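See below for the structure under consideration.
The values are calculated or read from the model by the stated rules, or taken from the named source; none is laboratory data. Predicted model only: the values in this text are computed from it and were never measured. When we count neighbours, we look across all protein chains shown, and the Cβ atoms used for this are built from the backbone with ideal geometry, even at glycine. Ligands, DNA and RNA are excluded from the accessible area calculation, which covers all protein heavy atoms including side chains. Shrake-Rupley method; radii C 1.70, N 1.55, O 1.52, S 1.80 Å.
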Amino acid sequence: MRDLFKGANYLFRGFGLINQKGIRRFAYVPIAINTLLFAFAIWLSASKLDQWITNMIPSWIPEWLLGWIMWFIWPLFAILLLVVIFFTFSIIANILAAPFNGPLAEAVETKLLGQPPQNINWSEIVKDAPSIMWNEIRKLAYILMWVIPLFILSWVPVINIIAPVLWLLFSSWMLAIDYHDYPMGNHLIKFPQQRKLLRQKRSLALGFGAATLGVTMIPIVNFLVIPAAVAGATLLYIERIKD
């Protein structure tokens, strides 16, 4: 339990790092991307939510029953749709911000090791963007490989009782893997080796991932979560995993 809380604390330390000199310029682009996408998600959900919920309800239901159903089930449908929308836009934001997260992790490491700030090489970032975004899609494929059987288990009687706990653990682990890819990738550590290193610090990784998942669901604060998570993962890697 102590390591779970320590792992979560690395995310909050990451929030303190992203506005420091030599780091904040690398954090601004992911923040801008995340802000624009989440603002669009909020607008989309606010303008289309009633229509989507109405379309989900069968047309044969009487008008008097429809009103009762809308009053009773509308909040549940609304929460479900909002979660789906925000998670979808989180995935898109991570893919689009990926080319800037590697330099951000490098800037954080440079700052923590007491080295002079690095210059922004925009041409290198643009040149590497396609391969980095493709790597994000490969990570997404790895996540889907586990999502499908977990989704099936969620419908199996008895086992589905613990499904929420399994989803929480799975999401926390995937977020830990995702954000540690940037500092480890800067050191040419391949994806299988990254997972092996994180398994050796499983409680720290799960604590970090769970905190990231929780903050992602907080309005306004979630605009900052991508650079903060990259900074926090870099800090955790340097202090607890690198050696």
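Worth a mention:
- Candidate set: region 216-243, residues that are touching a helix residue (DSSP H, G or I) at 6+ places or on another chain (Cβ under 7 Å), aliphatic (A, V, I, L, M) and surrounded by fewer than 21 Cβ atoms within 10 Å (Cβ to Cβ); chosen: the one farthest from L113 (Cα to Cα): V221
- Some residue of region 140-154 being more than 16 Å from the chain's Cα centre (by Cα) and modelled with pLDDT of 85 or more: no
- Qualifying residue in region 58-68 (condition: modelled with pLDDT of 65 or more, within 29 Å of L169 (Cβ to Cβ) and open to solvent by 40 Å² or more (accessible area, probe 1.4 Å)): no
- On the stretch given as region 191-215, residues that are open to solvent by 20 Å² or more (accessible area, probe 1.4 Å) and either assigned to a helix (DSSP H, G or I) or among the small types (G, A, S) (or both) total 14.
- Only one of the listed residues (L168, L188) is farther than 20 Å from V29 by Cα and either part of a helix (DSSP H, G or I) or in contact with a strand residue (DSSP E or B) (Cβ under 9 Å, 6 or more places away or on another chain) (or both). That residue is L168.
- Those residues of region 16-33 which are in a loop (DSSP other than H, G, I, E, B) and more than 18 Å from the chain's Cα centre (by Cα), in sequence order: N19, Q20, K21, G22, I23
- Boolean, I31 is surrounded by 14 or more Cβ atoms within 10 Å (Cβ to Cβ), closer than 21 Å to K111 by Cβ and either in contact with a His (Cβ under 8 Å, 6 or more places away or on another chain) or not basic (K, R) (or both): yes
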